[in-house]
Amino acid sequence: MIIDCAGKKLDLTCPQVMGILNVTPDSFSDGGQFLREDLALEQAKQMMADGAVIIDVGGESTRPGADVVSVDEEIARVVPVIEAIQSELAVPISIDTSKPDVMRAAVHAGAGLINDVQALRVEGALATAADLSVPVCLMHAQGTPQTMQNDPHYDDVVPEVITFLNERIVACEQAGITRSKIILDPGFGFGKCARHNLRLMKQLSQLVDLGLPVLVGVSRKSIIGKLLNVSVEERLAGSLALASLSVWQGAKLIRTHDVRETVQAVNICNYVMQVDDFD
Ligand code: 7PJ
């Protein structure tokens, strides 16, 4: 499946890697490092060289308990970076935001995909995304980033996430966003405790069976820290293990801070999955 991101092609025939470019001063893993446009551009170039096929620009940290950022501040962070990447590189750019005004400013600056951890539930987001006519990633989250890790509850997490995503697909279609423009994401770590995340990972193929491309974001997340008792800097191996399990079950896009290593893991998975195709 090939997705048109505002004129740039995102080819998900084989599983691919999305590189994370945080332009937040408080991002938990690379806080403040890439605030300046030139550093951000260098980082984007490096991620492309390492094999990322799309760059995800985010100006609001959605880590648990993070501060809320104003619309103006978020736009001031992401737009110069998107413009810099757009003018220098041919890579598709996604904007990680839930705010309609940020979506609009980012797409006008050159972003070609809206990556929304609130699945277009903020007032005006659905209509804005439809109007901008770019593809969207719909992610499941229970609660808001400020409160989501306060005792998340599900009767049965996998069917509940699937029902939620199905409802958001219908909402998108009613707003004029066709299925060909939709990517799905179970939202690892967003209102989920370790067991919920593990269940979702084990049953990820059920989400893949909905027939739309699935994106997985597990890079350096706290579930790895919890299970292995390791700090953020020590979560690469755990991230690669979860990325591999995701690809094996059919995920098409892996969102990561560590592009080079993740591309290697994804490519190895893909060789195994395709071995019979070349006989
Ligand atoms: C995700 C995201 C994710 C999608 C973040 C972090 C927190 N977008 N944005 N999926 N996570 N689609 O990177 O740890 O899992 S921000």
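For the pair residue 101 and residue 173, label points projected 7 Å from Cα toward Cβ lie 3.4 nm apart. Could you sort out which of 8/202; 9/99; 45/226; 45/181; 45/252; 8/226 sit more than 30 Å apart by Cα distance in this structure? Beyond 30 Å: 8/202; 45/226; 8/226. Legend: calculated FRET efficiency, residue 272 to residue 39, from the Cβ-Cβ distance at R0 = 35 Å, rounded to 0.05, equals 0.45. Here the chain is treated with +1 on each Lys and Arg Cβ and -1 on each Asp and Glu Cβ, and its dipole about the Cα centre works out to around 440 debye.
The protection proxy used here, the mean number of other Cβ atoms lying within 10 Å of each residue, ranks peptides 127-134, 238-245, 151-158 as follows, highest first: 238-245, 127-134, 151-158. Summed over qualifying helices (DSSP H, 4 residues or more, each -39500 (n - 2.57)) and divided by its residue number, the chain shows a 222 nm mean residue ellipticity of -13000 deg cm²/dmol. In this label model, residue 67 and residue 160 are separated by 3.2 nm, measuring between points 7 Å along each Cα→Cβ vector. Computed with a 1.4 Å probe on the full set of protein chains, the accessible area for residue 199 sits at about 110 Å². Full extension of the chain segment joining residue 228 with residue 206 gains 5.3 nm, where the gain is 0.36 nm per residue of separation less the Cα-Cα distance.
The values are calculated or read from the model by the stated rules, or taken from the named source; none is laboratory data. Please read all numbers here as calculations on a predicted model, not as lab measurements. All Cβ positions, even for glycine, are placed from backbone atoms using ideal geometry, and neighbour counts span all protein chains on display. Only protein heavy atoms, including side chains, enter the accessible area calculation; ligands, DNA and RNA are left aside. Shrake-Rupley method; radii C 1.70, N 1.55, O 1.52, S 1.80 Å.
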